[in-house]
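Before I ask anything, here is the structure I am working with.
The values are calculated or read from the model by the stated rules, or taken from the named source; none is laboratory data. None of these values were measured; they are calculated from a predicted model. Ideal geometry is used to build each Cβ from the backbone, glycine not excepted, and the neighbour counts take in all protein chains shown. Keep in mind that these areas ignore ligands, DNA and RNA; they rest on the heavy atoms of the full protein, side chains included. Shrake-Rupley method; radii C 1.70, N 1.55, O 1.52, S 1.80 Å.
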Amino acid sequence: QKKYEYLLVDIKGKNSNVALVQLNRPKALNALCDGLMRELSTVLETIDKDDKIGCIVLTGSTRAFAAGADIREMQNNTLAQVVGAGFLDQWSAVAKIKKPIIAAVNGFALGGGCELSMMCDIIYAGEEAEFGQPEIILGTIPGAGGTQRLPRYVGKSKAMEMVLTGNRIKAKEAHQIGLVSAVYPANQLIDEAVKTAEKIASHSRIVVQLAKEAVNTAFETTLAEGNRFEKRIFHTTFGLADRKEGMTAFVEKRKPNFTGQ
Ligand code: CAA
């Protein structure tokens, strides 16, 4: 198994088709330093190209999914430096991964940690998870999608409250307001995420990719344009052997055998 500085990477699932990526910088509660985010983008991009993998689970430790961008690393940065370097630009690589990513959040998901979970496609939380955008307390604002993705998940009032107060919310509330889709006991969280990932990985790879792209389009465009795009993607599936196989298997009362073609 390959060794990484800030990550643990494992293959899971009965058919070995789920990649489990664990953030592993325990001393700093998985603060997302530049090196960690570079390693994470590279690993996710490699997994994205791996035909054997159908879904990714991204997790942290029991104590922290991630406590945000690395405050020590950016403490003395100047405006000219952050503009010049396009500070945090490379984080968006996570949102460009084509395979689905399930964030399995135990402990703190704060600032960039909350934003990283929101770049994923499904968020599951452990009972002790806490989400927040505390940047305002540091004299700055969220810089990796917090002001844009959070309102799309939870609406304006709650997003505004979280961003302007810096207050954290617990897993139960995050579930009630639609930020996370399920809450599990902390020690069952990864297994549950892997179970969902296995289910996703059992479907046609290419159709899963198209479905992810179609849902994400809902957050990028108008309803009319989104529906037009969806219809074309739906039509496009009729050019795939997997679409024929899925419907034929239903009619023949058997399990489909998808090939990703
Ligand atoms: N950056 C760097 N180091 C961090 C960190 C961060 N975001 N969060 C925690 N750490 C470090 C602490 O400095 C501490 O290190 P030392 O032991 O060397 O002092 C270690 O992790 C453990 O942290 P604490 O002792 O503070 O643990 P705690 O249990 O008392 O508190 C916490 C936990 C509430 C999460 C607290 O650490 C905290 O508030 N962290 C900062 C959260 C934050 O403000 N995140 C937003 C960052 S800005 C951002 O993310 C911008 C963006 O939009 C991308």
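Working only within segment 56-67, note down all residues that are in a loop (DSSP other than H, G, I, E, B) and within 15 Å of the chain's Cα centre (by Cα).
Result: Gly60, single match.
So that you can scan it fast, the table gives a plain yes or no per residue for (1) open to solvent by 90 Å² or more (accessible area, probe 1.4 Å); (2) under 27 Å from Ile47 (Cα atoms):
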| site | (1), (2) |
| --- | --- |
| Leu210 | no, yes |
| Ala218 | no, yes |
| Asn227 | no, no |
| Lys231 | yes, no |
| Ala241 | no, yes |
| Lys244 | yes, no |
| Ala249 | no, no |
| Pro256 | no, yes |
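A further question follows. Residues that are over 24 Å from Ile11 (Cβ atoms): list the helices (runs of 4 or more DSSP H) wholly contained in segment 143-261 that include at least 3 such residues.
Hits in segment 143-261: 146-154, 156-165, 171-176, 205-217, 223-237, 241-251.
OK, next. What do you reckon, is Gly139 over 27 Å from Glu213 (Cα atoms), modelled with pLDDT of 95 or more, exposed (fewer than 15 other Cβ atoms within 10 Å of the Cβ) and within 12 Å of the ligand (Cβ to nearest atom)?
yes
If you go through segment 68-81 one residue at a time, how many are of a type in the set (A, V, I, L, M), assigned to a helix (DSSP H, G or I) and within 11 Å of the ligand (Cβ to nearest atom)?
2
Here's another thing I want to ask about it. Check Ile101 against each of (1) without any contact (Cβ under 8 Å) to a residue 60 or more places away in the chain; (2) open to solvent by less than 20 Å² (accessible area, probe 1.4 Å); (3) within 16 Å of the ligand (Cβ to nearest atom); (4) closer than 21 Å to Leu36 by Cβ and name the one condition it does not meet.
Just one mismatch for Ile101, condition (3).
Inspect segment 4-23 for any residue being within 15 Å of the ligand (Cβ to nearest atom) and over 21 Å from Gly143 (Cα atoms) and give the result as yes or no.
yes
Six or more apart or on different chains, Cβ under 6 Å: which pairs go from a residue in segment 125-140 that's among the polar types (S, T, N, Q) to one that's crowded, with 21+ Cβ neighbours inside 10 Å and in a loop (DSSP other than H, G, I, E, B)? Could you list them?
Hits for this filter: Gln133/Pro142.
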